[in-house]
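Heads up: the structure comes next, in structure tokens.
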Amino acid sequence: MAEEIQRKLQKELEVLSGVQKEYHKAMAQKQQLDSQLNENKAVKEELMLLKKDAEVFKLIGPVLVKQDLEDARQNVAKRMEYINKEIKRTDTHISGLENKQESLQENLNKLKNDLGKLKIKA
């Protein structure tokens, strides 16, 4: 009986470890998305400061390519919209992982208590 609980406990620990790794990965991804969003906000603010006749260049590889100001503004807005959607998706994923971690912790605590009770009886 104790060996069975010990195996379940070990299996739950392995699952929890995997979920925690995935959680840390998702948090890193969210931080990256947040920094990208902040960069794009800064670019958007700078583009708004420009006059309509200003020249805008886009870096494509090693080459600067002239771009229409309105196109540049639209591209940044679309990029920000995409990043916001990705942030929402990542937040949903993170909250799901948090819930999973909580339930695994509860299972682990229950198994530890059961194991402790068995050791006391023995």
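The values are calculated or read from the model by the stated rules, or taken from the named source; none is laboratory data. Predicted model only: the values in this text are computed from it and were never measured. With ideal geometry, Cβ positions are generated from the backbone for all residues, glycine too; neighbour counts draw on all protein chains shown. Ligands, DNA and RNA are excluded from the accessible area calculation, which covers all protein heavy atoms including side chains. Shrake-Rupley method; radii C 1.70, N 1.55, O 1.52, S 1.80 Å.
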Within straight cross-link reach of Lys51, meaning Cα distance under 19 Å, which aspartates and glutamates are found once same-chain residues fewer than 8 apart are removed?
Asp68, Glu70, Asp71
Can you tell me the relative contact order of the chain? Whole percent, Cα pairs under 8 Å, sequence separation 6 or more.
44 percent
Answer with one residue from Ile5, Leu50, Gly18: the one whose Cα lies farthest towards the positive end of the charge dipole of the range 1-108, charges on Cβ with Lys, Arg +1 and Asp, Glu -1.
Leu50
With the full set of protein chains in place, find how many percent of the accessible area of the range 21-78 is carbon and sulfur; take the probe as 1.4 Å.
54 percent
At 1.4 Å probe radius, can you tell me the per residue accessible area of the chain in Å²?
77 Å²
Mean shadow area of the range 1-98 over all directions, Cα convex hull, nm²
8.5 nm²
Cβ-derived FRET efficiency at R0 35 Å, Ala54 paired with Gln29, nearest 0.05:
0.50
Out of residues 5 or more away from Gln67 or on other chains, whose amide H comes under 5 Å of its own, with H placed 1.01 Å from N in the peptide plane?
Val56, Phe57, Lys58
Please report the spacing between the Cα centers of the range 28-42 and the range 85-115 in Å, no decimals.
25 Å
Using mean Cβ contacts within 10 Å as the protection proxy, how do 60-71, 81-92 order, highest first?
81-92, 60-71
